[in-house]
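Here the structure comes first, spelled out in structure tokens, and everything after it is commentary.
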Amino acid sequence: MNAKLSRRTFVKASAATAVVVGAATTNPWGPAMTALAEGEKSDTIASSGEAVFSGACRGNCAGGCFLNIHVRGGKVVRTSMREMPNPDYNRICVKGLTHMQRIYHKDRLKYPMKRIGERGAGQWERISWDEAVTTIADKWQEYQREYGKEAFAIYWGSGNYGVLSGQGMGCTTSRLLNVTGASNISMTVDAAHGHSAGNALGWGPNFTLNELADLKNAKTILCWGANPVISQQQSTHFLMEAKENGTTFIVIDPIYNITASKADKFVPVRPGTDGALALGMMNIVVRENWIDVPFLKASTVAPFLVKEADGHYLRLSDLGLLAEGQRDDIVVRSAEGKMGLPQEITDPVIEGSFEINGHKVNTAYTLLLQRIAEYPPEKAAEICNLSVSQIEEITKIYATNKPSTIYQYFGIDHYVNGHYSIFDIYALAMITGNLGKSGAACGMGETLGINFTNLAGTLFPAGATGPSLTMSATQMDSVMNEHKYGNKDVNVKGIYITNANVVANSAERKYTLDWLNKMEFIAVADMNMNETAQYADILLPVSHWFEQEEAFCNYSTHPYVIFQEKAIDPLYECKADFEINKLIAQKLGYGEQFNLTEMEYLNLWLDNDEARRLGITLEALREKKILKCLPGDLYINGENGVFGTPTGRAQFYVENPAPNMNYDQQWDIEKERLPYWEPPNEVWHENPLTKKYPFTIISDHVRFRTHTQWWDVPALLELDPEPILKISSEDAAQYGIKTNDLVKIYNDRGHVVMKAAINDGLPQGVLTAPKGWEKHQFREGHFADLSSRVVNKVCANSAFFDVLVAIEKL
Ligand SMILES: Nc1nc2c(c(=O)[nH]1)N[C@H]1C(S)=C(S)[C@@H](COP(=O)(O)OP(=O)(O)OC[C@H]3O[C@@H](n4cnc5c(=O)[nH]c(N)nc54)[C@H](O)[C@@H]3O)O[C@H]1N2
Ligand SMILES: Nc1nc2c(c(=O)[nH]1)N[C@H]1C(S)=C(S)[C@@H](COP(=O)(O)OP(=O)(O)OC[C@H]3O[C@@H](n4cnc5c(=O)[nH]c(N)nc54)[C@H](O)[C@@H]3O)O[C@H]1N2
Ligand code: SF4
Ligand SMILES: [Mo]
């Protein structure tokens, strides 16, 4: 297994060292980073018998970087960027460079422990693995036996996107859930984009975007609700190279941030109003006849005929033409009134209202036109706090300087109305035909692994029933206080938390603590004593990512699957989740379903025809360490105009909308079928609450941490020592606040005290603060106390930015 240092890696390693040491001569990193950078000189590498292993950085930062892990004398001494098959994807960031300080952190969890004092008081006793796992399994069985299968819950977050020990597609934690029939508490985060993307285009192997390397083929890019310079570190240079090649780069964001500073045009939209902007833009597209009629006819639902009676499409059966054994396909109409299947009528009408065989119908496109007419550009401008000419200008560029790509991420997702706005933006791409071609795409690009992995085989071994219940984390007050999930009686008593910092990362922290503390039993598996681990009754120490073999292909912005070699043995008594899940399953009596080695599991994972077509076998992966997993030389989402939706088309009309979480809530189908917009829940200037809490507060995802991960890494704390609130100079002047003053930010849900910094990228009335800090790192209170758990009825999704606060200088 010891990878010999080849000449190629040797040269690479020296080059990488040279670059970092070069940077360190002006010492922008401070002493700790200088030490890291100077750790290895090329000559010592050659003489010291250093071994270099392949690795994947696999937290939820969307990078998924391919790393070299340099090991000497059994210790990881350094990490460096490893050459990708397409070097355009070569990348590493300060977090990737500081893994050693996570591995060797003095406070890393070392042994299984049980709580001995009050819950959360920090008193622990070291126990054996057997005692820890037996305690967990006993509680699991006892609760399930006495109160039903759902009485024991699993909660996982986004800590690690590996397959064996993380939350990648086909992961062993899902298998454990499915086999034991435990209930599943969904963290209910980042759900709005996925919900609307699924309705609009379906989830493809790269979510909804083309491969990143295709960005250079776009003539126009709208960066809409994303901050790639910080939050998608793989993407930025592709965007900048496109710009250098002449692509018009437009940023639509309330904040003039580092990404916006690179834009040709910056559009300072009012928070939470992007849907109205997209609807306004669609009106201009229609008015100026910039619609792509051939695309609408062939690749969207435009020609489908929606029955007024029930909102469903007219089908063969409605015409009395359904032959026995035939599929009840959707029909379309020609200009002459002939009816038939889309493959028979290749030039269907897309506009009009008709009565066909007793059914009153409108084309889906006609319904779209009626809906967008509710948002003329003047109205959109007022809602979005933009001028009509600003909207007209960007619409013209987007719709005529084609192909155009809309690069989205989660900026719009984090509002209660987020899924509406995101769906509206997809509809704009549809009517302009900016989809399914090189340079033309809309949405988010993240490799999902759904195309080549054997999900059924990994997730549903013989006897697996699936989770007994899936609950939204935002409904846990009802679950724990009223013992109800919707109308269903439940009695949830125990929880197993893995890969998640539930307390620090969930919306409305006091609410989270309240429901969590009502659990009779809490087990947590993590690497460090974070805020959630502090509330555990049993604490399991997990190994670091480099202490295990693993495969990784999930939520990363490059098109590869990566093999993680085991660079060192787990330190102390740490174990990988793969082994932990296995131990728990064995104690629960499901050992048979977990009777696989790591490599057997990965073989099962790759037992899929598409994997074979792509040449992804375990042997090849172990040999090459990295293999391309998106099909084609340059993957284009929806190429040939076929999308992964129920109709196979791009859908601006949803025939059968459904909530992402069911808790017997009431919801209005009319809002869900067509593009729609309504104001956000809190951060709306007409909301009376703005009198008391006049500021919108948006969370910054920051360069130096991935959510809470790396929170205790000394080198990064040197670079970014404490959380800082940003405020515009106008607002700061009004409150007498200067940079470095301490301020209190508060609302009815809580407060936090931190230092302020004046930042003129912010508009008046908007503040930002970084997420990802632990409680003790704030001067007082907690940033996570401010957010609200209120979610949309159809799309349960934490609205981290839909938050009003007041500010006070201390
Ligand atoms: N370094 C680092 N990278 C990360 C993460 C991290 O914590 N650290 N987290 C990862 C995860 S899980 C996620 S979800 C992604 C998030 O990826 P992004 O969505 O790119 O994340 P943010 O950095 O939050 O940027 C969102 C942008 O949306 C803007 N925005 C806020 N409200 C609105 C609005 O109403 N309309 C519009 N148009 N824009 C708005 C914000 O000002 C910001 O510029 O980042 C991932 N990458
Ligand atoms: N206020 C506010 N809150 C937010 C956001 C915001 O914008 N504002 N953003 C939200 C978003 S977009 C997201 S995605 C969430 C992310 O929320 P989480 O998924 O909770 O994110 P992390 O902080 O990465 O926490 C993951 C935990 O997994 C642990 N871990 C890492 N690797 C392993 C492993 O191999 N095994 C085990 N068992 N544990 C491991 C880490 O140590 C860490 O404690 O946060 C959300 N919270
Ligand atoms: S944290 Fe993200 S960007 Fe940084 S090295 Fe890891 S995967 Fe790459
Ligand atoms: Mo996220």
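Computed from Cα positions, the angle between helix 418-431 and the longest principal axis of the chain comes to roughly 50 degrees. Where only DSSP H runs of four or more residues are counted, the chain gives -7500 deg cm²/dmol as its mean residue ellipticity at 222 nm, each run worth -39500 (n - 2.57).
Pairs from the table (K110/K518; K726/K809; K149/K484; K75/K575) lying more than 19 angstrom apart at Cα are K110/K518. If you take all other residues with their beta carbon under 11 Å from the beta carbon of G246, and give Lys and Arg +1 and Asp and Glu -1, the sum is 0.
Among beta bridges identified by DSSP and lying wholly in the range 688-809, the antiparallel ones come to about 65 percent. Exposure proxy shown here: for E565, E244, the number of other Cβ atoms within 10 Å sets the order, fewest to most, as E244, E565. Shown in residue order for the range 132-149 are the 3J(HN,Hα) couplings computed by the Karplus curve 6.51 cos²θ - 1.76 cosθ + 1.60 at θ = phi - 60°: 5, 5, 4, 4, 4, 5, 4, 5, 3, 5, 4, 5, 5, 5, 7, 10, x, 4 Hz (x for Gly and Pro).
Please give the peptides 663-676, 358-371 ranked by average Cβ packing (other Cβ atoms within 10 Å per residue), highest first, as a rough proxy for protection.
On the way: 663-676: 16.1, 358-371: 19.6.
Ranking, from highest mean packing down: 358-371, 663-676.
Quick check: from the Cα gyration tensor, does the range 307-363 come out rounded (a/c under 1.5), prolate or oblate? Don't skip to the end; give the middle numbers.
Numbers: a/c = 1.90, a/b = 1.15, b/c = 1.65.
It is oblate, given that a/c is not under 1.5 and a/b is not larger than b/c.
3J(HN,Hα) couplings calculated from phi for the range 725-734 with the Karplus curve 6.51 cos²θ - 1.76 cosθ + 1.60 (θ = phi - 60°) are, in sequence order, 8, 9, 9, 6, 5, 4, 5, 4, 4, 4 Hz; Gly and Pro show x. Output the antiparallel fraction of DSSP beta bridges having both residues in the chain, as a percent to the nearest 5. Of all bridge pairs located within the chain, approximately 55 percent are antiparallel. Averaged over residues, the count of other Cβ atoms within 10 Å places the peptides 722-729, 741-748, 299-306 in the sequence 299-306, 722-729, 741-748, highest first. Shape class for the range 392-499, computed from the alpha carbon gyration tensor (a ≥ b ≥ c): oblate, with a/c not under 1.5 and a/b at or below b/c.
Normalise the Debye intensity by I(0) for the chain, one equal point scatterer per Cα, no solvent, then take log10 at q = 0.07, 0.09, 0.10 Å⁻¹ and round to two decimals. These q points yield log10 I(q)/I(0) values of -0.53, -0.90, -1.13.
Readers should treat all values here as calculations from the given coordinates under stated rules, not as data from a laboratory. None of these values were measured; they are calculated from a predicted model. Backbone-built Cβ (ideal geometry, glycine too); neighbour counts: all protein chains shown.
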